[in-house]
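Working notes for the structure below.
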Amino acid sequence: MTQFVKERILPLSLTAFVITLDQVTKAIIANNWPISRAVIHDVFNNDFLRIIHVRNPAIAFSIGNNFPDAIKPILFIVLPILVLGFLSWYFIKSNDFTKLQRWALAGIIGGGIGNIIDRIFRPEGVVDFIDVKFYGIFGMERWPTFNFADSSVVVCCILLFVTLFIPNKKVGVEAESVSKKDISQKGNLNE
């Protein structure tokens with residue numbers, strides 16, 4: 001397996017996995033449960049995790065729900081497709097990412113594509129079905145209902161954010177060894 005395939009193409013398997021998991025679970029929910037805010041299934045019988053079927057015609061946290069209908073396709077379909085297209089192109093072409101960052105970006109791309117598929121092919125909106133208790137944090141008793149695409153985007157964005165702000169120890173070690181090497185070579189030249 002070439003280095004290019006290992007570094008750039010292999011992480012896209014996560015993209016494919018996220019899209020598949022997201023679309024299969026949404027199809028199961030959409031075909032088997034009516035759209036309702038009523039609790040359909042309390043997974044652990046403790047009110048922590050519930051499965052309900054709701055539709056979100058906007059973006060995360062229903063942002064943009066009250067926008068004019070004429071502008072929604074541009075903001076919720078066209079703009080995200082352009083952003084994901086650019087991100088995918090940059091993902092393949094750029095040498096700026098670590099392996100972990102590439103996997104995180106692959107998860108973000110997969111989640112983004114999963115929700116765009118819904119926005120294009122499900123006129124009622126994106127299928128959301130995972131409902132978790134949030135114990136009053138940020139004043140919310142329950143987190144807004146979400147799906148696997150949303151989770152992938154959020155978790156991978158957090159992972160990417162962390163990798164951008166935590167120094168790469170390997171890079172630091174390499175830089176340190178290079179500078180020591182330069183110093184020793186300069187010392188030899190002065191003798």
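The values are calculated or read from the model by the stated rules, or taken from the named source; none is laboratory data. No experiment lies behind these values; they were computed from the predicted model shown. Every residue, glycine as well, gets a Cβ built from its backbone with ideal geometry; the counts of neighbours run over all protein chains shown.
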- Among Ile63, Ile59, Ile35, the single one that is modelled with pLDDT of 85 or more and either among the hydrophobic types (A, V, I, L, M, F, W, C) or crowded, with 18+ Cβ neighbours inside 10 Å (or both) is Ile35
- Residue satisfying condition, being in contact (Cβ under 8 Å) with a residue 40 or more places away in the chain and not polar (S, T, N, Q), within set Ile35, Ile9: Ile35
- Message: Just to be sure before I move on: is Val54 β-branched (Val, Ile, Thr) and over 30 Å from Glu7 (Cβ atoms) in the structure I sent?
- Response: yes
- Note on the structure: Of the residues in the stretch 17-44, those that are farther than 15 Å from Asp131 by Cβ and of a type in the set (Gly, Ala, Ser) come to Ala27, Ala30
- Answer with yes or no whether Gly125 is modelled with pLDDT under 95 and either loosely packed, with under 12 Cβ neighbours inside 10 Å or of a type in the set (A, V, I, L, M) (or both). no
- Query: Taking the stretch 95-128, which residues are without any contact (Cβ under 8 Å) to a residue 60 or more places away in the chain and among the aliphatic types (A, V, I, L, M)?
  - Reply: Ala104, Ile108, Ile116, Ile120
- Message: Regarding the stretch 84-94, can at least one residue be identified that is touching a residue at least 60 places away in the same chain (Cβ under 8 Å), assigned to a helix (DSSP H, G or I) and within 12 Å of Pro11 (Cα to Cα)?
- Response: yes
- Which is part of a helix (DSSP H, G or I) and either at pLDDT 95 or above or under 24 Å from Asn46 (Cβ atoms) (or both), of Ile108, Ile130, Ile183? Ile108
